[in-house]
Structures are given as C-alpha cells and as structure tokens.
Amino acid sequence: MKEIYKPLFEPFTLKNGVQLKNRIVMAPMTTFSANSDDTASDAELNYYAARSNGPGMVITACAYVQASGKGFEGQFAADRDSMIPSLRSVASSIKEKGAKAVLQLYHGGRLAVPHLIPNGETLSASSVAPRLDRGFYSIDKTPRSLSDEEVVELIKDFGEATRRAIEAGFDGVELHGATGYILQQFFSPHSNIRTDRWGGSLEKRLTFPLAVIEETKRVIAEHAKQPFIIGYRLTPEEPETPGITMTETFALLDALVEAKLDYIHMGVTDFWSKPRRGVDSKRSRMELIAEHVGNRVPIIGVGSIHTPDEAVQALEQTGIPLIALGRELIVEPEWVEKVKQGRENDIKTTVNPNDQARLQVPDPLWELMMSVEGWFPVEKK
C-alpha cells in the first residue's frame, strides 16, 4: 500500500482490551431485507459476509429490542430469545471474515412505523409528533407518552437484547442514540417535555440513556465471558427549536465519558459539517467533539468520506482514531482490501444497475438504491 495510507491500517485497542485490526469500521445501515418473521435472511448474511473481510469492525443494521419499536420493513429483531439463532447467523457471517461484530440495538419510539407495531400505537418520551420525511417514507403520528413503569421495562429490554447478543456470539453492542430514535427522544428538549424523573432539566433528560447504559453494562458483567464492546451512537444536533444544540451535546459527551464506554460513534451525514448553534466557532462539529472528548473515549467519525485520502485527512486533522464507511462499502465491498493492496484506483465510486449480484445487495435495498434519486451515484444504463 502507499505510505500515506498506513495510518488507516494501524491496529487499535479499545478501552476494554479488544483489538481492532485497523481503523476502518463499517457503519450501520438498514437493509430492509429480513425474512417475514424478522429473522435475518440469507441475502443479508451474504451482504455482511461480502463486506466483513476488510474493516476492523462491522456494526449491523439496528435491531429492535421491543415489538413496539420496529421502525423499518424487513428489520431483524433482538426482542425475544427465539431470535438468538438468527442473530448468531449474522454474527458468524461477520466474524468468519475477520471483523469484530457489533449488534446495534434500538427502539424507534415515535419513529416506529405504525402498521408494523402492536395496535399501531407509537410511543415516546412525550406526546410530541415528529416530522419525518426520508423520501421513501414519512411519519407524523403523535405518540403516546410512556408511563414510568413502561420506561423501566424498556430499560430492561435493552439489557435483555444485550444478553441475546452475547449468547449469539457478537463481540459487542452499540446503543443507537442517534437519528431521532428513543434514546435521542429522551435526551431532546423537543421530544421530551416530561416533568417526572425522566425529563425536564438537562440532567433529567440524561437519566434514561444513562440508565440504559448502566443496565447494558450490568448484563455484560453478568453474562459475557470475555471482553464485550459497548458503544453509543449520537446525533450531535437537531434542526428543531427547541432541540439538541452543541452545548447540550457536550454535556451528553461528558456523561458518556463518565459511563466508561468503549467508543462513541457520531451520526452525521458530512464529517466536516459546521455546528448550527450552541457554540461560537467556524470549525466542524467533528473537530470540536474531538477536542472536547480528547483521549477520554475513542470516537468513531463518519459522514461522506469516500476516498482513502479523505479518510486519512479525517484521522490526521481531528485526531479521531476510527473512521466509519457506509455507502462506500455498499458501492465497493472491497474498499479496504483495495487500499491495502495498493489498488485504490480500482475502487468503484458509482453503482452499475447490472451489478446487484456482484455487490451482494439484497433485493429490497437494491430497489431503493435504484429508485431514490440522489441516494447513490447510479451509472446511466
């Protein structure tokens, strides 16, 4: 490989002693491709296997921890023990290729899809409707506020899903506190207007995510027989007013540092995007976050990093130790291998409509890739 790319291939050891073979992570991306019983399909297993040879760690698409939290068609589940064989097949498809396998856990909250959940009733921190339009679906249903007892039960369900991940052979879990899902809904002043112990002040809005982390760590201590990764993904700001600002994100980061996580994963679409509000700075969010956290917890950066030069620049200019690739690994499953072999000029940057079989992309995801304009760079037929 070229000398300039060697930083991408340096091993990295997490706080708990787990070593990643390089600095590249496969970002979690929904495939919409589970079986009708919410088990992972063969097409999904092939999709993960095709992309797990190069990265040091692969984070799966989010798996729901409660039936009320399902947010996508074709989503595999982690909410009951009968799903353990399915989860085991996902973990094995990744680990057999040499990457660490991390299961992302979540609850959709007010962004759950009504026709996919019991009674069509969406749930959240408070009865505040979202405004979601992702091009291929939208949600604007007002959710029901969770009772105190239901909040406690949901915390336990995150722990139970973690136990299933351990039994299935995963190397870790990532708690999905980004993209507007339930963990973010409790932290956000837009979606959490509660006046009990789960909301109100900034400190109280942190109570639920920190309780989920504590329960997850308790389960890991009880059930894991070897070091087990726990990470947390967050979105650093919200567009709504009121909404999460960079000032509040710094408070969340400090709380996550104190919780002694193995990593914090940022959820942004552009690595170099600037803050909306909450700080007086012209630097990017990632630079500010890297400076604020320092070496206290490893940060995974992500967002429109396409080329190995861009990945190296992101590492070196921010000091962030890990870079996640999303769509780049769909378009080019061998992105990491090609850089390592000095074949970076062979990396595919566009999708050919005839390449589905070669890319091992399941039908539902492929159909969306071909139909949602601007989502992927598609070559003209």
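The values are calculated or read from the model by the stated rules, or taken from the named source; none is laboratory data. As the structure is a computational prediction, the values presented were derived from the model and not from experiment. Positions of Cβ are backbone-derived with ideal geometry, glycine not excepted, and every protein chain shown enters the neighbour counts. For the accessible areas, the whole protein counts, side chains as well, though only heavy atoms, and no ligand, DNA or RNA atoms are used. Shrake-Rupley method; radii C 1.70, N 1.55, O 1.52, S 1.80 Å.
A search for C-beta distances below 9 Å between a residue of the range 361-380 that is part of a loop (DSSP other than H, G, I, E, B) and any residue that is small (G, A, S) and surrounded by 15 or more Cβ atoms within 10 Å (Cβ to Cβ), counting only pairs 6+ apart in sequence or on different chains, returns V361/S33; V361/A43; V361/A50; P362/S33; P362/S41; P362/A43; P362/G74.
In this structure, K380 does not qualify as open to solvent by 70 Å² or more (accessible area, probe 1.4 Å) and within 26 Å of D42 (Cβ to Cβ). Answer yes if at least one residue in the range 143-163 is closer than 24 Å to A43 by Cα, of a type in the set (A, V, I, L, M) and surrounded by 16 or more Cβ atoms within 10 Å (Cβ to Cβ), and no otherwise. Looking through the range 143-163, at least one residue is closer than 24 Å to A43 by Cα, of a type in the set (A, V, I, L, M) and surrounded by 16 or more Cβ atoms within 10 Å (Cβ to Cβ).
Would you check if T350 is at pLDDT below 95 and polar (S, T, N, Q)? Yes: the conditions hold for T350.
Summed over the range 247-272, the residues that are buried (at least 20 other Cβ atoms within 10 Å of the Cβ) and outside any loop (DSSP other than H, G, I, E, B) give a count of 9. Applying the criterion of being assigned to a helix (DSSP H, G or I) and of a type outside the set (D, E) to the residues of the range 307-326, the residue that is surrounded by the most Cβ atoms within 10 Å (Cβ to Cβ) is A311. In the range 342-375, the residue that is nearest to L45 (Cα to Cα) out of those that are surrounded by 15 or more Cβ atoms within 10 Å (Cβ to Cβ) and in contact with a Lys or Arg (Cβ under 7 Å, 6 or more places away or on another chain) is I347. Among the residues that make up the range 278-287, is at least one of them within 21 Å of the chain's Cα centre (by Cα) and closer than 24 Å to G54 by Cβ? So far as the range 278-287 goes, yes, one or more of its residues are within 21 Å of the chain's Cα centre (by Cα) and closer than 24 Å to G54 by Cβ. For L329, state whether it is of a type outside the set (F, W, Y), in contact with a helix residue (DSSP H, G or I) (Cβ under 7 Å, 6 or more places away or on another chain) and part of a helix (DSSP H, G or I). Yes.
Of the residues making up the range 192-209, those that are in contact with a Ser or Thr (Cβ under 6 Å, 6 or more places away or on another chain) and open to solvent by less than 20 Å² (accessible area, probe 1.4 Å) are N192, W198. Among the residues of the range 225-243, is there at least one that is more than 21 Å from P28 (Cα to Cα), in contact with a helix residue (DSSP H, G or I) (Cβ under 7 Å, 6 or more places away or on another chain) and assigned to a loop (DSSP other than H, G, I, E, B)? Taking every residue of the range 225-243 in turn, none turns out to be more than 21 Å from P28 (Cα to Cα), in contact with a helix residue (DSSP H, G or I) (Cβ under 7 Å, 6 or more places away or on another chain) and assigned to a loop (DSSP other than H, G, I, E, B).
Condition test on I182, is it among the β-branched types (V, I, T), modelled with pLDDT of 95 or more and buried (at least 24 other Cβ atoms within 10 Å of the Cβ)? Against the criterion (among the β-branched types (V, I, T), modelled with pLDDT of 95 or more and buried (at least 24 other Cβ atoms within 10 Å of the Cβ)), I182 qualifies. Scanning the range 22-57 for residues that are touching a residue at least 60 places away in the same chain (Cβ under 8 Å) and in contact with a Ser or Thr (Cβ under 7 Å, 6 or more places away or on another chain) yields P28, S33, S41, A43, E44, Y47, A49. So which residues in the range 273-295 are surrounded by fewer than 19 Cβ atoms within 10 Å (Cβ to Cβ) and assigned to a loop (DSSP other than H, G, I, E, B)? The answer is S273, K274, R276, R277, G278, V279, D280, S281, K282, R283, G294, N295.
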